[in-house]
Amino acid sequence: MSMLRACAVLGCSSLVALGACGGEGGSTDVQPTLRFADRTDAELVRLIDAAGGTDLFRATGMIDQFGDTFEVEPCPTITIAGSVATVTGGCARADGTRLEGSGAVDNPIGWDQLDYRFQDDTLYTFTQFGLGDGQATQTFDGWLRRTDGLATWDADLTASLLGVTVRSDLYIHCTDPQHPSCAFTNSGLELVGVGGARVSGTVTASTTGGGQRIDLTLQGADRLTVHSTGTCVGWQIEGTTRGMTCP
């Protein structure tokens, strides 16, 4: 099973640095119609992974890997206009992977030729933006915004990965630089074409090497709970025997 990480929600270095204000926020139109008991283990693993914000982290990483705009590489095409960097695919990279679609970031962090403005939000947008090696491809559509000095993620992002497409309509706010905790409010996930679930709970990281704790609830037509510490991700569909218990 893929391991959810607090770093996948925010990034380790940023988690340690943050201490922002803010309460409940966000909004979602996802309706709690998904019946977890009817889904395969592969679909459940994919949903649990996305619930922790991992698709958001993957999407930003896919664009930000091209922040070295002086790199000599024929693919992708990178254009800079004002505070916006746009990455355009439709080409093959030197390592044989193929980049498709386009992605853009306004006010990126750590990009050549662009100065980060601490007082402003960072906005990512994706249009069928994907990278594949001929066997597996992951693609992203939608947007995500980082606000409150990077403490908050607000996103409506659809990601296709491992043959499963999930929409992450998430609002995540992180606080307390000593014991970073990220809370999910007014958030939802959709297994596209099947149904949705509301997401609530927290992901808490330790700055002393003690790992992270995950406490999330996905409420659809039935309820999936996720609880973990360290490297094991435990889950349970309430009212059934399906799940995984961590030692």
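The values are calculated or read from the model by the stated rules, or taken from the named source; none is laboratory data. Source: prediction; values computed, not measured. Glycine also receives a Cβ, built like all others from the backbone with ideal geometry; neighbour counts cover every protein chain displayed.
Take the residues of the range 74-89 that are surrounded by 13 or more Cβ atoms within 10 Å (Cβ to Cβ) and either of a type in the set (Lys, Arg) or touching a Lys or Arg at 6+ places or on another chain (Cβ under 9 Å) (or both): which is farthest from Leu131 (Cα to Cα)? So the residue we want is Ser83.
Report yes if Gly96 is free of Cβ contacts under 8 Å to residues at least 40 places away in the same chain and over 17 Å from the mean Cα position of the chain (by Cα), otherwise no. When the stated conditions are applied, Gly96 passes them. Among residues of the range 122-150 that are touching a residue at least 60 places away in the same chain (Cβ under 8 Å) and farther than 16 Å from Ile172 by Cα, those with a Cβ under 6 angstrom from a residue that is among the β-branched types (Val, Ile, Thr) and outside any strand (DSSP E or B), sequence gap 6+ or separate chain, pair up as Leu131/Thr97. Return the residues of the range 91-115 that are surrounded by fewer than 13 Cβ atoms within 10 Å (Cβ to Cβ) and either modelled with pLDDT of 95 or more or not hydrophobic (A, V, I, L, M, F, W, C) (or both); say none if nothing qualifies. Once the filter is applied, which keeps residues that are surrounded by fewer than 13 Cβ atoms within 10 Å (Cβ to Cβ) and either modelled with pLDDT of 95 or more or not hydrophobic (A, V, I, L, M, F, W, C) (or both), the range 91-115 yields Asp95, Gly96, Gly110, Gln113, Asp115.
Only one of Ser27, Ser13 is surrounded by fewer than 20 Cβ atoms within 10 Å (Cβ to Cβ), within 19 Å of the chain's Cα centre (by Cα), at pLDDT below 50 and not aliphatic (A, V, I, L, M). Can you tell me which?
None of the other options fit; the residue is Ser13.
Residue count for the range 132-158 under the criterion of being within 14 Å of Glu100 (Cα to Cα) and either small (Gly, Ala, Ser) or assigned to a strand (DSSP E or B) (or both): the result is 8. Against the numbered list (1) without any contact (Cβ under 8 Å) to a residue 60 or more places away in the chain; (2) surrounded by 15 or more Cβ atoms within 10 Å (Cβ to Cβ), Thr241 comes up short only at (2). Within the range 65-73, is even one residue among the polar types (S, T, N, Q) and under 26 Å from Val194 (Cβ atoms)? No, every residue in the range 65-73 fails to be among the polar types (S, T, N, Q) and under 26 Å from Val194 (Cβ atoms).
Among the residues in the range 147-164, are any at pLDDT below 95, farther than 22 Å from Gln236 by Cβ and β-branched (Val, Ile, Thr)? Yes, the range 147-164 contains a residue that is at pLDDT below 95, farther than 22 Å from Gln236 by Cβ and β-branched (Val, Ile, Thr). Among the conditions (1) touching a residue at least 24 places away in the same chain (Cβ under 8 Å); (2) buried (at least 17 other Cβ atoms within 10 Å of the Cβ); (3) not polar (S, T, N, Q), the only one that Ala221 does not satisfy is (2). Go through the range 30-73 and report how many residues are β-branched (Val, Ile, Thr) and surrounded by fewer than 20 Cβ atoms within 10 Å (Cβ to Cβ). Count: 5.
If the condition is being over 12 Å from the mean Cα position of the chain (by Cα) and surrounded by fewer than 23 Cβ atoms within 10 Å (Cβ to Cβ), then the range 163-173 contributes Gly163, Val164, Thr165.
Here Thr185, Thr202 are screened, and the one residue that is part of a strand (DSSP E or B), without any contact (Cβ under 8 Å) to a residue 60 or more places away in the chain and within 17 Å of the chain's Cα centre (by Cα) is Thr202. Test each condition in (1) in contact with a helix residue (DSSP H, G or I) (Cβ under 7 Å, 6 or more places away or on another chain); (2) buried (at least 17 other Cβ atoms within 10 Å of the Cβ) for Ser160 and report the one that comes out false. It is condition (1) that Ser160 fails.
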